[in-house]
Amino acid sequence: MEKKRQIIIRPIMTEKMSRLEDTQRKFAFQVDSSINKIEIKKAIEKKFNVKVSNVHTMNIKGKSKSMTIRSGGRVIRTSGRRANWKKAIVTLQEGFKIDLYESEVAR
Amino acid sequence: MNVVLKEINSFTREIIVEVPWEELETIFAQTVTRFSRNLSIPGFRKGKVPKRMILQTFRADLETECAETALEEYYQKALREEGITPINRAEINNMEFQEGNPLKFKATFEVEPYFKLPNYRRKLKVKKNSYIPDEEDVDNYINDIRQQLAELRTVESGSKEGHLLLVDMQEMDNSGVPIIGRKVEDRYIKVGEGIFGGENLNRLTGLKSGDRTFINIQRQNEQNKVGFELTVKNVHEEVLPEIDEKFIKNLDKNASNVEEFRQNILSVIQSRLDRKANVLLHETIIDYFLQNTNLEVPPSMIDTYIDGIIEDKKNQNGEKLDEEKLREELKSSTIRSIKWYLIRRVIIKEENLSVSDEEVSEKVEGILEKAGKEAKEARRYYKKPSNRARLRDDILDEKLFNLLESLAKVNEVKVYTKDLRKQRNMSLNL
């Protein structure tokens, strides 16, 4: 049986988004990378009991990171990448609101 | 704000304060703003974190902080409204506060106790001693001066009772071996006086310079006597000055003969005894008020007073003190002092007694006139406000006691100094 996927991973709470939430009813979430806009819309509407008018998505490339480790007198330089992820900005219909600070959000 | 005041006892008060949310809104908003200024959360600049996000995480902390700020403000406000001045730090209980709800708290504290003075204007009766000195007092006084001015003359023929010996004293242990470090050098002892009399008298008579002798001394708080070896360095006799014209002129410029000299001394003794009588009278008056006033001293006042004394002692000695013991010892005298302090203040208020700046200046001038050579120093001393305040207090005390004495029924009792001497001798013999 296929494992149930978690569509909404976490809300993105930043200074910019909190401004957009108040002025344009836009809410940002990290979502599963393989999910499309329609599925996102359905998931948000079901989870928060709201009506979604628009969904924008964007794939964020994980940053490459490098670091230096000292191990047993040797210096090792290593590098890697952070995972790619998908951000969705959901615009709600007029009259709807999500209280991210009060509601239980999947993480 | 709603304040309910309760009297628990004569000095304990309890206030229950309720502040509506509307009055607290600004304080709460200020608390959140202040808190957010230093709050650092990823995704937000400092001070830009939305209020609702802060509240979600830190609501309890913010409510506590706001309650504490508001408590201080509204506690003071409540005290002002009720016109009470606490004398200790209040104990705060049952504090309740949540955003959107009123702040409630209960504060328990002590105040200066309320009490009623006795009807002293009618019922104050006191005994005052009127001391009567006699010629023997004058003789003793003159003898004391002669002793102080005595010349020392070396005696070659051996010591007698009343002679002074200049000695080194070496302490010995039970087996008669000197104890190292327990030696006193060049000490004067008077043969026959105190511990150098009694059984030691015989051992101390007939001694010449260079002689050695052993004596036993009973120390206080020790059962066994301690042995000392004495090495005599010199034997002196005291030669008292004769009471002649020169002697009189040196001591009293106003006297021209023995009669006048004695008369002046008598008046000095009389004024000393009068002062003593006054001190006793004041004590009696204080006792009257303490016994006839129903007054309970708040424990916090006692503690503060004793704390001050202990702090002073610590600073002076630098030694370790047995605080508990000292506290117990000081307690009764402290209660007496505080009671009188409170009673005195009420009497002064009721009788409208006060001391003006002119009165203080006048008193200072009087002191400076008497000070003579030390006038300059005295003038500097009384320039200091704290010293002037003390003097003002003294003048106030003088006024207070003069008033109370004038109101009281004073029963004067004649006390002859010869009787006092008899009593003293009796107690010495006991």
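Tabulated data for the structure shown
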item: Tally of residues being over 17 Å from B:Glu350 (Cβ atoms) and over 27 Å from the mean Cα position of the chain (by Cα) across the stretch B:388-423; result: 15
item: Residue in the stretch A:56-79 that is surrounded by 13 or more Cβ atoms within 10 Å (Cβ to Cβ), touching a helix residue (DSSP H, G or I) at 6+ places or on another chain (Cβ under 6 Å) and among the hydrophobic types (A, V, I, L, M, F, W, C) present; result: no
item: Some residue of the stretch B:292-300 being part of a helix (DSSP H, G or I), without any contact (Cβ under 8 Å) to a residue 40 or more places away in the chain and either charged (D, E, K, R) or more than 24 Å from B:Ile132 (Cβ to Cβ) (or both); result: no
item: Any pair with Cβ under 6 angstrom, 6 or more apart, that starts in the stretch A:8-25 at a residue that is more than 9 Å from chain B (Cβ to nearest Cβ) and ends at one that is aliphatic (A, V, I, L, M) and part of a loop (DSSP other than H, G, I, E, B); result: A:Ile8/A:Ala106; A:Pro11/A:Leu100; A:Pro11/A:Val105
item: Residue in the stretch B:166-182 that is surrounded by the most Cβ atoms within 10 Å (Cβ to Cβ), counting only those that are of a type outside the set (S, T, N, Q) and part of a loop (DSSP other than H, G, I, E, B); result: B:Asp173
item: Some residue of the stretch B:35-43 being away from every other protein chain (no Cβ under 14 Å) and either touching a residue at least 12 places away in the same chain (Cβ under 8 Å) or in a helix (DSSP H, G or I) (or both); result: yes
item: The listed residue being closer than 21 Å to A:Glu15 by Cα and within 12 Å of another protein chain (Cβ to nearest Cβ), out of B:Val32, B:Val49; result: B:Val49
item: Residue that is nearest to the other protein chains (Cβ to nearest Cβ), among those in the stretch B:62-86 that are touching a residue at least 24 places away in the same chain (Cβ under 8 Å) and either farther than 30 Å from B:Thr12 by Cα or among the charged types (D, E, K, R) (or both); result: B:Leu62
item: Whichever residue in the stretch B:87-113 is touching a helix residue (DSSP H, G or I) at 6+ places or on another chain (Cβ under 8 Å) and loosely packed, with under 14 Cβ neighbours inside 10 Å and, among such residues, is farthest from B:Glu14 (Cα to Cα); result: B:Gly100
item: Some residue of the stretch B:6-21 being in a helix (DSSP H, G or I), away from chain A (no Cβ under 14 Å) and at pLDDT 90 or above; result: yes
item: Among the candidates A:Ile35, A:Ile69, A:Ile76, A:Ile44, residue that is more than 14 Å from chain B (Cβ to nearest Cβ), part of a loop (DSSP other than H, G, I, E, B) and among the hydrophobic types (A, V, I, L, M, F, W, C); result: A:Ile35
item: Unmet requirement for B:Gly227, which otherwise passes all of (1) surrounded by 17 or more Cβ atoms within 10 Å (Cβ to Cβ); (2) assigned to a loop (DSSP other than H, G, I, E, B); result: (2)
item: Residue count for the stretch B:89-116, restricted to those that are touching a strand residue (DSSP E or B) at 6+ places or on another chain (Cβ under 6 Å) and in a loop (DSSP other than H, G, I, E, B); result: 3
item: Among (1) of a type outside the set (Asp, Glu); (2) under 30 Å from B:Tyr131 (Cα atoms); (3) surrounded by 12 or more Cβ atoms within 10 Å (Cβ to Cβ); (4) modelled with pLDDT under 85, the one test that B:Tyr341 misses; result: (4)
item: Any hit, the stretch B:193-210, residues being of a type outside the set (Gly, Ala, Ser), in a strand (DSSP E or B) and surrounded by 11 or more Cβ atoms within 10 Å (Cβ to Cβ); result: no
item: Residue that is nearest to B:Cys66 (Cα to Cα), among those in the stretch B:21-42 that are aliphatic (A, V, I, L, M) and surrounded by 13 or more Cβ atoms within 10 Å (Cβ to Cβ); result: B:Ile27
item: Condition check for B:Phe58: at pLDDT 90 or above, surrounded by 12 or more Cβ atoms within 10 Å (Cβ to Cβ), over 41 Å from the mean Cα position of the chain (by Cα) and within 14 Å of chain A (Cβ to nearest Cβ); result: no
item: Selection from the stretch B:342-360 of residues that are without any contact (Cβ under 8 Å) to a residue 12 or more places away in the chain, assigned to a helix (DSSP H, G or I) and more than 26 Å from the chain's Cα centre (by Cα); result: B:Asp357, B:Glu358
item: Qualifying positions in the stretch A:19-32 - buried (at least 19 other Cβ atoms within 10 Å of the Cβ) and either hydroxyl-bearing (Ser, Thr, Tyr) or not in a helix (DSSP H, G or I) (or both); result: A:Arg25, A:Phe27, A:Ala28, A:Phe29, A:Val31
item: Residues of the stretch B:177-201 satisfying the condition of being among the hydrophobic types (A, V, I, L, M, F, W, C) and without any contact (Cβ under 8 Å) to a residue 24 or more places away in the chain; result: B:Val177, B:Ile179, B:Ile180, B:Val184, B:Ile195, B:Phe196
item: Residue in the stretch B:119-127 that is part of a loop (DSSP other than H, G, I, E, B) and within 14 Å of chain A (Cβ to nearest Cβ) present; result: no
item: Flag if B:Lys123 is modelled with pLDDT under 90 and exposed (fewer than 12 other Cβ atoms within 10 Å of the Cβ); result: no
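Residue-wise test of (1) within 26 Å of B:Arg45 (Cβ to Cβ); (2) at pLDDT 95 or above.
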{"residue": "A:Gln6", "(1), (2)": "no, no"}
{"residue": "A:Arg10", "(1), (2)": "yes, no"}
{"residue": "A:Phe48", "(1), (2)": "no, no"}
{"residue": "A:Thr57", "(1), (2)": "no, yes"}
{"residue": "A:Ser66", "(1), (2)": "no, no"}
{"residue": "A:Arg70", "(1), (2)": "no, no"}
{"residue": "A:Leu100", "(1), (2)": "yes, no"}
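The values are calculated or read from the model by the stated rules, or taken from the named source; none is laboratory data. Quick caveat: nothing in here was measured; it's all calculated off a predicted structure. Note that each Cβ is placed from the backbone with ideal geometry, even for glycine, and that neighbours are counted across all protein chains shown.
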